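Below is one structure; the comments refer to it alone.
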Amino acid sequence: MSDLHANAASYVRNEMLPPSDPPAMQTGAIKWLRENLFSGWLNTILTILGFAAIFFLLKEFTPWFLHGVWKANSLGECREIIAATWGEDAHGACWAVIRERWNQFMFGFYPRELYWRPILALLLLMVALAPILFSERSNKLWIAGGVVAALVLWLSVSYGQFLPVGILVVIAAVTALLGSRGAQWPSNLIWFSGLFPGLAFWLLWGGTVWLPVVAMLGFVVGWIAFRFASTVMGAIVGAGAGVVAAFLWWYFVAGPLVDALTQITGRTQPFWLRGVDSDEFGGFVLAFTIGIAGIAISLPMGIILALGRRSDMPLVKGLCVGFIEFIRGVPLITLLFVASLLLNYFLPPGTNFDIILRVIIMVTLFSAAYIAEVIRGGLAALPRGQYEAADALGLDYWKAQRLIIMPQALKISIPGIVSSFIGLFKDTTLVVFVALLDPLKGITDAVRASIEWKGVYWEPYIFVGAIFFIVCFSMSRYSMYLENKLKREHR
Amino acid sequence: MAIASETPKETFRLGMLVYDTRYRSLTIQVVVMLLAMAGAWWLYDNLMANLRVLDKEPSFSFLWNRAGYDINQTLIPYTNDDTHFRAMLVGLVNTILVAVLGCIAATVIGIIVGVLRLSKNWLVARLMTVYVEGFRNVPVLLWILVIFAVFTEITPQPRDFRVTDEMIAAGEEPVASKILFDSVAVTNRGTFVPKAVYERSLGEIQIGFLPISLNTVAILAVIVGSILGYRAIKKHATAVQEATGVRPKTLWKSLLVSFGPIILLLFALGFHLEIPTLGGFNFTGGILVSNALMALWLGLTLYTAAFIAEIVRAGILAISKGQTEASYALGIRPGRTMSLVILPQALRVIIPPLISQYLNLTKNSSLAIAVSYMDLRGTLGGITLNQTGRELECMLILMLIYLALSLLISSGMNVYNNAVKLKER
């Protein structure tokens, strides 16, 4: 056979030819351009349009950005400087307004000598968030912590309030270092996350330290009652006893106890901070206060509402559905107006409580209804087998939820939950309509109301928008990180 | 000796209310109901006590009093002598106007951007990503305020459009000129757009409080008729194709049925566009669209479109590639693959979140307060509330109307969703 073949073919090549180069049009940059930008007449048109748009935008805005003035005391001065440097017709940004009104954008009308308190609260927030957001040890976390600490130090030095912040930063750093010796860091700092709400409240609003302490003690009392009653009479009665005990504590014990303790300590320094009124809050301090409080409370509330909506008990289900659909059916602005105009109608005559607190309640309720729907979607997406498996293992309702259902349902709904959080943070700007000074409209209007900065529109909007963008964008990136980390399917 | 095999007699003990799963849910519900009723009673009691203190009586009769304030945009006739109720209706119509305009525009832009973001064109996909991320991560209030500032601060004054004889002689161009074939004038006093005018108008009839233009009714009727005729031609062609195997050519017939009647009707009505012209210090003729409406509309549109783009993208990505390949394997052309295979399946994924975006847009239209657009909140929840001091009643009506709007939109879209959803056994 091979002989025959050998004879039949007069010439047989023994070695492979080296592959020849692809045509010049199909290599390197040209190939990339052809494939990605000019692969057809439609794509070519789109590409040209895209480049035209970029060119137009750059042509219009680059000079404006580059001609920006950073040091001036009024818009008029800005314009003079630009005219003197770049010619009469030149346009330019007046970034000086950001520089000059930086404090107002950040703190509103918070007393200047107390700026260290919100700054410190922000730093402690980072410490409190670390165990919640990141469960594993990582060097990036140390770098992030270092950057935040340096930022806070720089901020406090720039406000000449180095001492109080410096001391506390040292304390925080020592605590973190002590905590970091275990392999569990940062998870073992979780106790601080529990403590943080009271601490932040005290730092931001000031007043007596006993108010947050006694309020937080209510949770401890409830927990003790729960442990005690549940060992004797089972979890259901225990939970009821815990709630009742905490409620009794807050309703009957807390008020007199705070008064008595305040009487004893008086206004001595470690127990008393100068009080700050809610209408002195403003700018990003306000936005962050409302946003973070809302986010922290709305998630557990949303989980409870979602469980209630999927409950077998018609009454519980009905109440939850009614609540969720009502809240989702009305705009947040109307709820905020209810908070500012109507809430006093529904409280005992003569009660008047803080406007920021009222707004936080409304924003939280609003966001909780949305989160409940997101989590309900996650619950519905779980295969029926998971519920049945939990039942087959003999787990009771709460154990099944805690160990089997919720971890999976929450994992599925992470993107939705985070976008609700982003929505909530963006919606904090709406508080301007109940006369609070949000950074976007409240503060920029206040800045424009002064003679020096009358008519400055774009720079404040760009600045505030950029900060919102950074915060919201990093939240959405974090949700992607979390999704990736929790992915348990085949990779 | 007791007989062990006898089943123990079921006796009801109080503890079973808590520990027996048969009764537990009942107990919990009773407790919840008691708590809810106690809470509701507490709120009601407080409300009554407060109203007594303030010497107010809940009453809705203020709705029939004279409003006494002007509204700058009225789609239904309104003067300041009308009642608060009518002012409320004007506001409601304004809310609906901006919501409908916003939903339409946001859907169009959202679909285009969502598809372009999936495009193989590197540059366009990146640009669309920048647009989506930029608009999604910034409060919508910012976009409304920025666009409002653009319209009031940057757009030219009406007098900048003036062309004088000296300018023509000197060959100078005016500072500003109208856009879109010299028909739309964007000025700092508002945008002037052409207005439809009918020389031989059919007049209008009054239904309740709403004047309805018979011209519009006639045009709508003819359009509906044309669509039905077009469908009938298609149906006939399909029937012929199924009977004979050859699809008759219907292009001219369907073009004629689609556009013939409406053109004839417009001719009969003497339809033409009234272009805004510069007279004195301002434009006359045409319709003045206020800057507030433009800013609100554009802001809501661009913001919501970014969300819709993501929904559309996710919907298209959710359809597996195998569907396209299977369709090509069956010999179906790309265009028909899109319309018969991909889109029906993608729509199923797209519609539910799209509904909630429409709802969000409608609710966000209450941000009109930022640019003083007189929507429902501006009339009923704003001036009426401040004039009459009836916070409770006004807020109640306001919330109920928004609730009704939301439920209407979501039920309407749910009907559509049921129509396109997967038909299961």
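The values are calculated or read from the model by the stated rules, or taken from the named source; none is laboratory data. All values reported here derive from a predicted model rather than from experimental measurement. Here Cβ is always computed from backbone atoms with ideal geometry, including for glycine, and neighbour counts include all displayed protein chains.
Observations on the structure shown:
- Counted residues, the stretch B:117-130 - those being surrounded by 19 or more Cβ atoms within 10 Å (Cβ to Cβ) and either in a helix (DSSP H, G or I) or outside the structural domain of B:A368 (by TED's automatic domain parsing) (or both): 5
- Filtered by the rule that a residue be of a type in the set (A, V, I, L, M) and within 20 Å of B:M395 (Cβ to Cβ), the stretch B:72-89 gives B:A87, B:M88, B:L89.
- Applying the criterion of being surrounded by fewer than 15 Cβ atoms within 10 Å (Cβ to Cβ) and without any contact (Cβ under 8 Å) to a residue 60 or more places away in the chain to the residues of the stretch A:65-82, the residue that is farthest from the chain's Cα centre (by Cα) is A:E80.
- Count of the stretch A:447-460 residues which are over 30 Å from A:I361 (Cβ atoms) and either in contact with a helix residue (DSSP H, G or I) (Cβ under 7 Å, 6 or more places away or on another chain) or at the interface with another protein chain (Cβ under 8 Å from one of its Cβ atoms) (or both): 8
- Filter result (in a loop (DSSP other than H, G, I, E, B) and either within 14 Å of chain B (Cβ to nearest Cβ) or of a type outside the set (A, V, I, L, M) (or both)) within the stretch A:64-83: A:H67, A:G68, A:W70, A:K71, A:N73, A:S74
- Members of the stretch A:424-446 that are more than 9 Å from chain B (Cβ to nearest Cβ), at pLDDT 90 or above and farther than 12 Å from A:Q104 by Cβ: A:L424, A:V431
- Test: residue in the stretch B:388-402 that is more than 12 Å from chain A (Cβ to nearest Cβ) and not basic (K, R): yes
- Subset tally (residues that are in contact (Cβ under 8 Å) with a residue 12 or more places away in the chain and either among the charged types (D, E, K, R) or assigned to a helix (DSSP H, G or I) (or both)) for the stretch B:237-259: 6
- Within the stretch B:128-174, considering residues that are within 9 Å of another protein chain (Cβ to nearest Cβ) and in contact with an Asp or Glu (Cβ under 8 Å, 6 or more places away or on another chain), the one nearest to A:V418 (Cα to Cα): B:R136
Residue-wise test of (1) within 19 Å of B:A106 (Cβ to Cβ); (2) of a type in the set (G, A, S); (3) surrounded by fewer than 18 Cβ atoms within 10 Å (Cβ to Cβ); (4) touching a residue at least 24 places away in the same chain (Cβ under 8 Å).
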position	(1), (2), (3), (4)
B:A292	yes, yes, no, yes
B:F307	yes, no, no, yes
B:I332	no, no, yes, no
B:P344	no, no, yes, yes
B:L354	yes, no, no, yes
B:N364	yes, no, no, yes
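- Of all residues in the stretch B:201-218, none that is of a type outside the set (S, T, N, Q) and assigned to a loop (DSSP other than H, G, I, E, B) has its Cβ atom under 8 Å from the Cβ atom of a residue that is surrounded by 11 or more Cβ atoms within 10 Å (Cβ to Cβ) and at pLDDT below 75, 6 or more apart or on another chain.
- Among residues of the stretch A:294-320 being small (G, A, S) and surrounded by fewer than 23 Cβ atoms within 10 Å (Cβ to Cβ), the one that is farthest from A:M126 (Cα to Cα) is A:G318.
- The set of residues in the stretch B:264-290 that are outside any strand (DSSP E or B) and within 26 Å of B:Y373 (Cβ to Cβ) comprises B:I275, B:P276, B:F281, B:G285, B:G286, B:S290.
- Check on A:G350, within 12 Å of chain B (Cβ to nearest Cβ), more than 21 Å from the chain's Cα centre (by Cα) and on the phi > 0 side of the Ramachandran plot: yes
- Condition broken by B:L278, with the remaining ones in (1) closer than 29 Å to B:L202 by Cβ; (2) not assigned by TED's automatic domain parsing to the domain that holds B:E153 satisfied: (1)
- Any hit, the stretch A:54-63, residues being closer than 24 Å to A:K441 by Cα and either more than 14 Å from chain B (Cβ to nearest Cβ) or surrounded by fewer than 20 Cβ atoms within 10 Å (Cβ to Cβ) (or both): yes
- Out of A:T47, A:T85, one residue alone is farther than 22 Å from A:Y461 by Cα, crowded, with 19+ Cβ neighbours inside 10 Å and free of Cβ contacts under 8 Å to residues at least 40 places away in the same chain. It is A:T47.
- Pick from the stretch A:453-482, criterion in contact (Cβ under 8 Å) with a residue 24 or more places away in the chain and of a type in the set (F, W, Y), ranking: surrounded by the fewest Cβ atoms within 10 Å (Cβ to Cβ): A:Y478
- B:K321 meets all of the listed conditions (1) within 14 Å of chain A (Cβ to nearest Cβ); (2) loosely packed, with under 15 Cβ neighbours inside 10 Å; (3) under 29 Å from A:S419 (Cα atoms) but one, namely (1).
- B:R377 meets the conditions (1) within 24 Å of B:L54 (Cβ to Cβ); (2) touching a residue at least 40 places away in the same chain (Cβ under 8 Å); (3) surrounded by fewer than 21 Cβ atoms within 10 Å (Cβ to Cβ) in every case but one. The failed one is (3).
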